[in-house]
1. Restricting attention to region 45-63, which residues are touching a residue at least 60 places away in the same chain (Cβ under 8 Å) and either surrounded by 19 or more Cβ atoms within 10 Å (Cβ to Cβ) or assigned to a helix (DSSP H, G or I) (or both)?
2. So which helices (runs of 4 or more DSSP H) are wholly in region 146-221 and hold at least 3 residues that are in contact (Cβ under 8 Å) with a residue 24 or more places away in the chain and over 20 Å from the mean Cα position of the chain (by Cα)?
3. Looking at region 103-128, which of its residues are surrounded by fewer than 24 Cβ atoms within 10 Å (Cβ to Cβ) and closer than 21 Å to residue 45 by Cβ?
4. Being over 13 Å from the mean Cα position of the chain (by Cα) and surrounded by 16 or more Cβ atoms within 10 Å (Cβ to Cβ) is the filter here, so list the residues in region 15-29 that pass it.
5. Restricting attention to region 64-89, and to residues there that are in a helix (DSSP H, G or I) and in contact with a helix residue (DSSP H, G or I) (Cβ under 6 Å, 6 or more places away or on another chain), which single residue is surrounded by the most Cβ atoms within 10 Å (Cβ to Cβ)?
6. Can you find a residue in region 30-38 that is surrounded by 23 or more Cβ atoms within 10 Å (Cβ to Cβ), more than 29 Å from residue 134 (Cβ to Cβ) and touching a strand residue (DSSP E or B) at 6+ places or on another chain (Cβ under 9 Å)?
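Just so it is clear, none of the values below were taken in a lab; they were calculated from the coordinates. Keep in mind it's a predicted model, so treat the numbers as computed, not measured. Counting neighbours? That spans all protein chains shown, and the Cβs are built from the backbone with ideal geometry, glycine included.
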């Protein structure tokens, strides 16, 4: 099977990093295409950024569909363009925020989100409510670390993230931590060892869910909302 891992920003370094994570968790029969747009935004850190990122995601999904890709991962914690991507994709499309939150509820009763800039917390809160995890999510914290600083996270950045994760476990009794940025993907194992609870990376979670759905023969339902908007259903 072939999965397209879409990084909506233009950072090739970050795309390569998340591609490595994806390949580490994918099965031997899974090919990962880690892609990003050639032109666009260097980082997704605001609502206007998300709107532009959604268009980039949609273009990559359309390219993947034409190339015979079986499923898609949207590797940005705001899950930009998720609904639009599901309209044009026949196979499963999973965003890393939705995937990570689902896995967190399987790992324990409660979770906390640890993300980048404080201005992204509102979007994360919206997604928690939309996905039905408002009761499970006991807290959200921003580390103040910009996305691009995570291309090659420094020891200082790691300590800031680890300290925030420890705070969530200590103060909020979080059973697990959801990392709120694809750029944190390479920190997951070390953070889990440090804080003593599962630390969940949405990139790995999404690849697992998409590949599992494909093995089950489950794609995107085309009954109504996610029907391809380019097809006149009235003529069917």
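1. Initially, region 45-63 is screened for residues touching a residue at least 60 places away in the same chain (Cβ under 8 Å), giving 45-47, 50.
The answer is 45, 47, 50.
2. Details: elements: 155-172, 188-195, 202-216.
Correct list: 155-172.
3. Keep residues of region 103-128 that are surrounded by fewer than 24 Cβ atoms within 10 Å (Cβ to Cβ), which gives 103, 105-110, 117-119, 121-128.
Selection gives 117, 118, 119, 121, 122, 123, 124, 125, 126, 127, 128.
4. Let us first name the residues in region 15-29 that are over 13 Å from the mean Cα position of the chain (by Cα), namely 16-17, 20, 23-29.
Residues satisfying the conditions are 17, 25, 26.
5. My answer is 85.
6. Looking only at region 30-38, we keep the residues that are surrounded by 23 or more Cβ atoms within 10 Å (Cβ to Cβ), and these are 34.
Keeping just the survivors that are more than 29 Å from residue 134 (Cβ to Cβ) gives 34.
Narrowing the set further to residues that are touching a strand residue (DSSP E or B) at 6+ places or on another chain (Cβ under 9 Å) leaves 34.
Yes, region 30-38 contains at least one residue that is surrounded by 23 or more Cβ atoms within 10 Å (Cβ to Cβ), more than 29 Å from residue 134 (Cβ to Cβ) and touching a strand residue (DSSP E or B) at 6+ places or on another chain (Cβ under 9 Å).
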